[in-house]
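Following: one structure in structure tokens, then a few remarks.
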Amino acid sequence: MAGVSRKKELVDNLVKAEIVETVLALIKEEQSITMDEIARRCSVAKGTLYNYFKDKKALMQYVHHTVLFPIKDSNKAIFEKPGDPTLRLHEFIDSAFCLPEDVSLYFRFVQQKRTVANQIDERFEVVMRPLIRFCRQGIQEGFFIDVDPFVLAEMIYGTVIGSLISMQIRGDGTLDKKKIDKKKMDKKQMDKKQMDIEKIKQDIIRLVDRITLPSRRKK
């Protein structure tokens, strides 16, 4: 019986993973997200979806949790592990810039449908809470300038995440409103695009490095 139960669990996980991938694909293609279309693309009966989720809202909540959890887990690991705080900040910036395109598009999709209050609460849980603790520790240990840790965390968040959001508007990043078709871009255009993104990331790193004390940076 244990073997049967384990097999069913594996099948269930595979089906749910395919559902998540399908929803992300529909968002990327700007297609309507319906239970019928999800079932069709997953090659299952529509009723099968209701074996896992009572309705579309529950399904989308599962997708959201599945997308969010690895990011929350990654942020916690970066900010709570030992080591040079400056290097850990660089790692946080790298992780923010390395989000898969379908995940970035998902967050843009979600922002259009959630309340400001929900977004603020989620931002605090996923990023700000571990970042504030990290800043407080860095200040206490003399790595960062002695300011309110909430202010310092907001500065870091605004510099990193705010810059990524602004890239969506001005068309420097993968979330360009003009939706440049990568298939139509030649190698030179793609290389330039990547260079532009890398330059922005390095600019952000230089700005964030300013929060470390000069005595620490020289060591």
Return the total of residues in the stretch 16-62 being under 23 Å from Glu122 (Cβ atoms), part of a loop (DSSP other than H, G, I, E, B) and in contact with a helix residue (DSSP H, G or I) (Cβ under 9 Å, 6 or more places away or on another chain).
-> 3
Of the residues in the stretch 118-155, those that are β-branched (Val, Ile, Thr) and touching a helix residue (DSSP H, G or I) at 6+ places or on another chain (Cβ under 7 Å) number 4
Determine whether Phe124 is at pLDDT below 95, of a type outside the set (Asp, Glu) and within 23 Å of Thr212 (Cβ to Cβ).
-> no
Just for the stretch 112-157: of the residues that are assigned to a helix (DSSP H, G or I) and in contact with a strand residue (DSSP E or B) (Cβ under 8 Å, 6 or more places away or on another chain), which one is surrounded by the most Cβ atoms within 10 Å (Cβ to Cβ)?
-> Cys135
Among the candidates Pro70, Pro82, Pro100, residue that is over 16 Å from Val208 (Cα atoms) and more than 20 Å from the chain's Cα centre (by Cα) = Pro82
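Results for (1) free of Cβ contacts under 8 Å to residues at least 24 places away in the same chain; (2) in the same structural domain as Glu122 (by TED's automatic domain parsing); (3) hydrophobic (A, V, I, L, M, F, W, C), shown as yes or no for each residue.
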{"site": "Leu14", "(1), (2), (3)": "yes, no, yes"}
{"site": "Val20", "(1), (2), (3)": "no, no, yes"}
{"site": "Lys28", "(1), (2), (3)": "no, no, no"}
{"site": "Ala45", "(1), (2), (3)": "yes, no, yes"}
{"site": "Leu68", "(1), (2), (3)": "no, yes, yes"}
{"site": "Ser74", "(1), (2), (3)": "yes, yes, no"}
{"site": "Phe79", "(1), (2), (3)": "no, yes, yes"}
For the stretch 82-92, indicate whether the set of residues that are among the aliphatic types (A, V, I, L, M) and either assigned by TED's automatic domain parsing to the domain that holds Gly142 or under 30 Å from Arg129 (Cβ atoms) (or both) is non-empty.
-> yes
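The values are calculated or read from the model by the stated rules, or taken from the named source; none is laboratory data. Owing to the predicted nature of the structure, the values given are computational and were not obtained by experimental measurement. For neighbour counting, all protein chains shown are included, and Cβ atoms are generated from backbone atoms with ideal geometry for every residue, glycine included.
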